[in-house]
Each structure stands twice: as C-alpha cells, then as structure tokens.
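Here the structure is laid out as structure tokens; the discussion comes afterwards.
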Amino acid sequence: MKKILTLALLAMVATGAMAQDKKEENKNKPVFTTIKSLPITSIKDQNRSGTCWAYSTLSFFESEILKKTGKTYDLCEMFVANKDYMERAELTVRMHGDSQFSQGGSAGDVLIIMKNHGICPENAMPLPGTMQGDSLANFNEFFSVMEPYVGAVAKSSAKKISNQWKAGLQGIIDAYLGKCPEEFVYEGKKYTPKSFMASLGLNLDDYVSITSYTHHPFYTAFPVEVQDNWRWDRSYNVPMDEMMQIIDNALANGYTVAWGGDVSEDGFTRKGLGIAYDTKKAQSLTGSDAARWLKLSATDKKSKLDSLGITAPEIVPTQELRQQRFDNWELTDDHGMHIYGLAKDQNGKEYYMVKNSWGEYGDYKGTWYMTKAFVAANTMDFLINKNAIPKDIRKKLGI
C-alpha cells in the first residue's frame, strides 16, 4: 500500500511537472480574438507545385464573387496554369531564352488569363495530380520535362523555327494538367470558359495592383522588377503608410486582398505566424549575448526566436528599409496568399488573417496570422478591387 501511495505521489509530481512545463512552453503563444473575418472558400493544397499565385488569386476572386452574389465557387487553378505556362513559353522563345521560364507567377497572370481566356470550375478539368495517378499537384516531373523542352527551342541555333514546338508543348501541358475544356456543363447549363467568366458577376477592370517603392515616383504605375512578373504588369506606387491604409480600408469595407510577398524571413513560421523579428533586440530576451548568438545554428536561432511568441520584439518598417531590402535582394517575391481578416492577440497587437494554400497546415489549420509590421516590411505587391481604395488615394492615382 505504501509503495502504491509512493508511486501515486510520484505520478502526481510528474504530472504537475509536465503541466508546468506545458504552461511554460505555451506562455508566449498568442491567443487570438477575431476583429473581422470576411467570407472565404475552403482551404486548398497546392502541394508540390509552384502555383501559390494561382491558388491565392483565385481564392481572392472567389471571395469577390461571394461578396457580390453570395454564391460559392471553386475555380480551377489548373486551367489558369495551363494557359499561363504556354504564354510564358511563347515569350521565352521570343526572347531567345532571356526570360525566366519557371513555375512561379503573379496575381496579374490570373487576372489576364481570366480576361483573355475565361475560367472554368474545378470539376470541369481533371483534379490536380490525377493525370499522374496522384491526389494532389506534383510538378516535379512535369517541369523536369517541360523546362528543357522550352529551353531547347528558345536556344535553338536554327535560323528559323516552326510552330510545331507549340503543339508539342501543349501536349506536355495537357498530359500533366489536363486539357482546358472548350465547353462544359455547370449546374445543368452549358458554358464556354468565357461565358462562364461572364456569368460570375465580376468586372475584371475593377482590379488593380498596389506596391510601394521609392525608385519610381509615387502615384504612378510601373512594372515591379521581379522575375515572376514576366508580363511586366504595372502596379500603382504609393507610400508605405498608404499601402497599409489601403489594406485596412479594404477589410473594413468587406474587401479581401490577394497578397504577394516575402515569406523567407525567420519570422514566417511553419506554425502559422508572421512576425517581423528585431533579431538584435531578441537576442537578449532569449538569454543569448551577441557572442553566444553567433555560435548558434540557424535552427537553434529560429527556435529561440519562435519561443518568444507574443513577446518577440519587431522592427519598425520604414520606406527606406523597404527600398534597401528590395535593392539588396533581401525582400523577395516568394509566395502568394489571401488576406481576409483582422485579429488581435492577448496583448492587443493586431494581425492580418491570411489564407494559405498548403492545406490545413500549421496551428491554425491553413490560416496564418501576420503582424502589420510583417506585412508592411514584406509586401511585394497586392491585387485589390479599386473600390476598396480610400477615395483620397484613388484621386491621387487617377483611378
């Protein structure tokens, strides 16, 4: 009996210790309260494909349709990718290979494909991955076949090339993504991609891209100089503070945002947070002086930073810092996501609620919470309904 009591006592102590450890482990974890959450469609998974630009932008347009009509659609990312990769290949060949041919793209690609080719629902084409016997998209083999094909044509030593390379490339694209339908039936009605696009209730001329840099004049439009902006789509240039004002005004008035930016920073965690870490200030909070910090591995540094949670100090983004990071290649065009809401943590700090396209991944099942400092520092550009822009800024832009 004494032994049993002793074991029970030890179990209670161990349980208490575990509970204490868990409490200590979680003490800096944010607890979010939603301020505003706008309607979005279901979380998707781009899997092993560089198509975040298609997933995030179509998600944005699905929310636009919800706002205008109350109807829920699942639009087809592979339709957009099929059309876009062919047009990107055509440019690469015209440029004799002096244009990047890759999986990545921009929100502007989706807008232009919808304007020129229309769109179809997800079920009008084979589901992503199924052409290869998979359940989700996987572009590894696809691009290992397609990139050298396009490169061989683009770098050909021939004085004249035929148009047959296009038929061959379209065959490759269709083999991996499925053929784009010329007609299909949706809810008992026959459509073409263009007539389906027209039925969605969107005016595609309402959508503009916004950015913020000082190497071009404010209140003018210019193509952001990143490789995935291969169409040289133009973005309206505004000061950083007005860029953030546009996002806040959009959410306040029921509009979401198709965001493109840098998620390669340490503060973009795989658990679902985006925090603009001030690494120098964070060193002392983690109990690491400069000498010890330099000796830590990148993994250990990230672990210590992540453990700070809501206590993590953040940089104060400035226009000058944005420009410096863009010019020195720190601020890069990594990922497209969909901003749809606003929340605050237990300290009152505000975060944007952002829909990702990695499935129900992370602590928040596919949603990321990114601080306003993180978004201000790491935005490359974003697509938005021009009616979501404050009137005084629209007047300055002439739209």
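The values are calculated or read from the model by the stated rules, or taken from the named source; none is laboratory data. Model, not experiment: these values are computed from the prediction. Note: ideal-geometry Cβ built from the backbone for every residue, glycine included; neighbour counts use all protein chains shown. These accessible areas exclude ligands, DNA and RNA; they are computed on the full protein's heavy atoms, side chains included. Shrake-Rupley method; radii C 1.70, N 1.55, O 1.52, S 1.80 Å.
For the set Lys36/Lys68; Lys71/Lys194; Lys83/Lys115; Lys83/Lys355, the pairs lying more than 20 angstrom apart at their alpha carbons are Lys83/Lys355.
Rounded to the nearest 20 Debye, what is the dipole magnitude of region 297-399 about its Cα centre when Lys and Arg each give +1 and Asp and Glu each give -1 at the C-beta? Please report the intermediate quantities before stating the final value.
On the way: 15 positive and 14 negative charges, 104 e Å.
Dipole magnitude for region 297-399 comes out near 500 debye.
Counting only complete DSSP H runs, which helices of the chain cover 24 Å or more along their long axis at the Cα atoms and score a mean Kyte-Doolittle of -0.5 or above? Provide the component values of the computation, followed by the final result.
Details: long enough: 2-26 (36 Å, 0.07); 52-69 (25 Å, 0.07); 77-94 (26 Å, -0.56).
TM-like helix candidates: 2-26, 52-69.
Length available on full extension from Ser195 to Ser284: 0.36 nm per residue minus the Cα-Cα distance, which gives 26.0 nm. Relative contact order (percent) for region 138-262, with alpha-carbon contacts under 8 angstrom and 6 or more residues of separation? About 14 percent, as a whole number.
Between Thr311 and Thr299, the modelled labels are 2.5 nm apart [label points 7 Å from Cα along Cα→Cβ].
In plain terms, the chain from Ala252 to Leu91 could stretch by 54.0 nm, reckoned as 0.36 nm per residue minus the Cα-Cα distance.
Sparsely packed loop sites in region 23-82 (the GluC sites (Glu not before Pro) outside DSSP H, G, I, E and B with at most 16 other Cβ atoms within 10 Å) do not occur.
Report the charge-dipole magnitude of the chain in Debye, nearest 20, computed about the Cα centre from +1 at each Lys and Arg Cβ and -1 at each Asp and Glu Cβ. Show your work: numbers first, answer last.
Numbers: 47 positive and 48 negative charges, 126 e Å.
It works out to roughly 600 debye.
Determine the share of the chain's accessible area contributed by carbon and sulfur atoms, expressed in whole percent, with a 1.4 angstrom probe. Numbers along the way, then the final one.
Working: 10190 of 19210 Å².
Ligands and nucleic acids excluded, carbon and sulfur reach 53 percent.
Could you report the chain's accessible area per residue, 1.4 Å probe, as an integer in Å²? Present the calculation step by step, with values, prior to reporting the outcome.
Working: 19210 Å² over 399 residues.
For the chain, the solvent-accessible area averages 48 Å² per residue.
The length gained by stretching the chain between Lys391 and Asp74 to full extension, at 0.36 nm per residue less their Cα-Cα distance, is 110.9 nm. Can you give the net charge of the other residues whose Cβ lies under 13 Å from the Cβ of Arg48, counting K and R as +1 and D and E as -1? Counting the neighbours of Arg48, the net charge comes to -3.
Sum up the charges of everything whose Cβ sits under 14 Å from the Cβ of Met146, counting Lys and Arg as +1 and Asp and Glu as -1, but leave Met146 out. Counting the neighbours of Met146, the net charge comes to -4. Efficiency by 1/(1 + (r/R0)^6): what FRET value for Glu320 and Arg292, r their Cβ-Cβ distance, R0 = 35 Å, to the nearest 0.05? With R0 = 35 Å, the Cβ-Cβ based efficiency is 0.70.
The structure-derived value of Cα extents along the principal axes in Å appears in the list (i) 60, 50, 41; (ii) 88, 57, 50; (iii) 55, 46, 40 under the label (ii).
Here each label is just a point 7 Å from Cα along the line to Cβ, and for Ile161 and Gln100 those points are 2.0 nm apart.
If you count the DSSP beta bridges with both ends in the chain, what percent of them are antiparallel, to the nearest 5?
Working: 38 of 43 bridges.
In the chain, approximately 90 percent of DSSP beta bridges are antiparallel ones.
With unit charges on the beta carbons (Lys and Arg positive, Asp and Glu negative) and the dipole taken about the Cα centre of region 138-291, which residue among Gly261, Met197, Tyr213 sits farthest to the positive side? Of Gly261, Met197, Tyr213, it is Met197.
Given the -39500 (n - 2.57) contribution per DSSP H run of 4+ residues, what per-residue ellipticity at 222 nm results for the chain, rounded to the nearest 500 deg cm²/dmol? Please list the in-between numbers first.
Numbers: 14 runs with 167 residues, N = 399.
Mean residue ellipticity at 222 nm (helix-derived): -13000 deg cm²/dmol.
Electrostatic tally near Asn237: other residues with Cβ closer than 11 Å to its Cβ, Lys and Arg +1, Asp and Glu -1, net 0.
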